[in-house]
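The values are calculated or read from the model by the stated rules, or taken from the named source; none is laboratory data. Source: prediction; values computed, not measured. Positions of Cβ are backbone-derived with ideal geometry, glycine not excepted, and every protein chain shown enters the neighbour counts. Just so you know, the surface numbers come from the protein's heavy atoms only, side chains and all, with ligands and any DNA or RNA stripped out. Shrake-Rupley method; radii C 1.70, N 1.55, O 1.52, S 1.80 Å.
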Amino acid sequence: MINNILLSVKQLIILFFVFCLLLSSCKNFHRNSSHKNISSASIEQGRQLAKLYCQTCHQLPDPSLLNAKTWEKGVLPEMGPRLGIFKYGSQQYPRTLDAYIRSDFYPSAPMLTPVQWQNILDYYEATSPDSLPLQKRKYAIKENLPLFKVEIPRVLHTNPATSYVKIRSGDSMHKVVAADAFGKKLYFFSSNLKVLDTIETEGPIVDIDFETSKWLLCNIGNLNPNNGKSGTGQLMTINSKWKPEIDTTIAFDHLQRPVEIIAADINKDGKKDYLVCEFGNLKGALSWMENKGNNKFERHVIRELPGAINAYVEDYNHDGLPDIWALFAQGDEGIFLFTNTGNGDFEERRLLQFPPSYGSSYFELDDFNKDGYLDILYTCGDNADYSVILKPYHGVYIFMNDGTNHFKQKFFYPINGCYKAMARDFDGDGDLDIATISFFPDYIHQPEEGFVYLENKGNFDFHPYSVPQAEMGRWLTMDAGDIDGDGKQDIILGNFSIGPAMMKHKIDWTKSPPFIILKNIGK
C-alpha cells in the first residue's frame, strides 16, 4: 500500500515536471515588428541552444542588449565561424586567417545543424527590440565648470593621433609627455605647455613606465586590430642634459599588441620584472616578463586570452607577494584577481563579468567609502566592433567591495562610448570626484559627453558637468596630475582625431590641438 502511494507521488512529480517543460516550450515570447511570424518552438529551442553554446566563451548575452538589425547583420555572422559555421544560406560569414590564426583556430566541422543555427538566429533576432531605449539620467550634463580653465599647447599639427598623455608631477622639467601614434613621435612639454623636446619612436607608443631611471616605452606595433606580434618594450633614457634619448636596446619584443606595461618585482628576486597587457585581437594574453639579468627577459603567460587592457599590481592579502588585478575587454569581458602564490605562479578569480556588447574600456581601484577596501571604478563604451549603435548601458560604474573582494554595483551614470574614468579629489572637499572621457559619444544630440566631470555631492550623488572645449577633440586618452605644483589635480585630454566614428561632428578634429589641459583653478 505504502509502495503504491509512493509510486503515485513519484508519477505526479514526473507529470508536474513534464507539464512545466511543455509550458516553457510554449512560452509566448514577445517578438519585434520584423519577426512576428517566428514560432515560439523555434525561439525556445534557440534559447536553450544559446545557453549551451553561446556562453562557452563569454557571458550569455541577453537579446535585449542589442537591436534586431545589429544581431542579424553584425554580431551573429561574426559568431557563426566560432561554431564552425562559415556560410548560411546565401550569406558568407567572415573569418580571420593569417600567420597567427590558422585554420584549426575554428572548428573543423559545424557544431550545430542548420536547423539549430536557425533556432539561435530566431531567438536573438525575433526577441530583441527594434531599437534600444534611450539613456536614463538623473541629472543632465551642465556646460558650466568654473573649477577648471582650459589651456591649449603651443604645438599644433594636422591629423593629431594622440595615443598617450601623461602629467609628470614629480618631474621638474618634463611636465607633460604626449605620444602621436601615426607620427611616431614623443613630445615633451614644460608646465606652460612649451615644447622642450621631440623624439622619433619605432612605432605607436600607448604607455610608458617611469618606474626606473630608464623609462620603458610600450610600442603597440600595429595600432589597428591584428593578431601579429610586432609589439615591443623599448628603453629610453634622460641624459645628463635632461634630453630624452631612445636606447637602441629592445628590452623585449614579439608582444601581441601590448597596451600597458607595469614594472614590478613579480617573483620577489630583487630584479625589476614587467607585467604586460597584450590585448591582441583574436589572440592575446596577460603576461609577465621575468628579468633574467643582462637585459634578458623570459615571458610567462598568466591568462592566454585576448583583451587584457589595463591592470594594477596590488598586494591585497598583505603576504608580501604582488597580486594582479586586470580587466579583459574582448569577448570574455570581466575583471579578474590573480593571487600570487609564489615563484611567479597565480591563482585566478573572476570578480566581475560583463556581456561582450559592453565594450569594457578601463577600470581603477579606489576607496570611495574610506573603509580600507578597494572599490572598482569601471567604464564601458568601446563601439568599434560588431555592434556599432548607441547603448544605454554604456557609461561609468562604481562597484563596492564588501571587505572580502565581492563587489556590488552602487552607482551608474550613462555616457555613450565612455572610454576612461579617473577618481580624484579635484575640488579638495575630501571625497572622490570622477573625470571621464568618451571616444564614441552621441555627437549629434549631446557632444558634451566627450568630457564629463562628476562632482561628488556625498552619498554617491554625483552631478555632471562639462566644458565647451570638450568638443575640440576626440578624446582617446586622459590623465590627471599636478602640472604646476600648486597641490591641485589638473586634467589632460588627448585628441585622437583619426579613427572609426559612429557619426560625424561639426568640428574638424584633424585641425584641433593634440591635447588640452583643464587647469584646476579651485581654492
Determine, from the Cβ-Cβ distance of ASP508 and LYS149 and an R0 of 35 Å, the FRET efficiency 1/(1 + (r/R0)^6), rounded to the nearest 0.05.
0.90
Pop the C-beta distance of ASN405 and LYS73 into the FRET formula with R0 = 51 Å and round what comes out to the nearest 0.05.
0.80
ASN295 to SER64: extension gain in nm, 0.36 nm per residue of separation minus the Cα-Cα distance?
78.0 nm
Using a probe radius of 1.4 Å on heavy atoms only, what accessible surface per residue do you get for the chain? Whole Å² is fine.
46 Å²
Hey, rough spin-label estimate for ASN343 and ASP367, points 7 angstrom out along Cα→Cβ, what's it come to in nanometres?
3.4 nm
Each residue of segment 79-93 in order: what ³J(HN,Hα) in whole Hz does its phi give by Karplus 6.51 cos²θ - 1.76 cosθ + 1.60, θ = phi - 60°, with x for Gly and Pro?
7, x, x, 5, 9, x, 10, 9, 8, 9, x, 9, 9, 8, 8
Any idea which of ALA179, TYR316, TRP117 is furthest toward the positive side of the dipole for the chain, if Lys and Arg beta-carbons carry +1 and Asp and Glu beta-carbons -1?
TRP117
Cross-link partners of LYS51 among aspartates and glutamates (Cα-Cα below 17 Å; sequence separation of 8 or more within a chain):
ASP62, ASP122, GLU125, ASP332
For segment 317-383 and segment 158-215, what is the separation of their C-alpha centers, rounded to whole Å?
27 Å
Theoretical ellipticity at 222 nm over the chain - DSSP helices of four or more residues, -39500 (n - 2.57) apiece, nearest 500
-3500 deg cm²/dmol
Residue-span extension gain [CYS57 to PHE460] - 0.36 nm each, minus C-alpha spacing
141.6 nm
Sorted by chain and then number, the residues having a modelled amide H within less than 5 Å of the amide H of PHE354, at least 5 places away or on another chain, are GLU333, GLY334
Qualifying aspartates and glutamates (Cα of each under 12 Å from Cα of LYS214; at least 8 residues distant if same chain):
GLU245, ASP247
Carbon and sulfur: what percent of the chain's accessible surface (1.4 Å probe)?
52 percent
Taking a crude spin-label model, label points 7 Å out from Cα along the C-beta direction, the ILE389 to PHE210 distance in nm is 4.3 nm
Rounded to whole angstrom, the alpha-carbon centroid of segment 384-415 lies from that of segment 449-523 at a distance of 20 Å
If you average 1/r across every pair of different Cα atoms in segment 253-328 and take the reciprocal, what Kirkwood value do you get, in Å?
12.5 Å
Take the cross-link list LYS87/LYS283; LYS184/LYS523; LYS142/LYS504 and give me the ones stretching past 29 Å between alpha-carbons.
LYS184/LYS523
Evaluate the relative contact order of the chain (contact order divided by residue number), counting alpha-carbon pairs under 8 angstrom at least 6 apart; express in whole percent.
13 percent
Please turn the phi angles of segment 392-403 into ³J(HN,Hα) values with the Karplus equation 6.51 cos²θ - 1.76 cosθ + 1.60 (θ = phi - 60°), one per residue in order, whole Hz, x for glycine and proline.
x, 9, 6, x, 10, 10, 10, 10, 8, 8, 7, x
Taking the Cα centre of the chain as origin, work out the dipole magnitude from +1 charges on Lys and Arg Cβ and -1 charges on Asp and Glu Cβ, in debye rounded to 20.
1540 debye
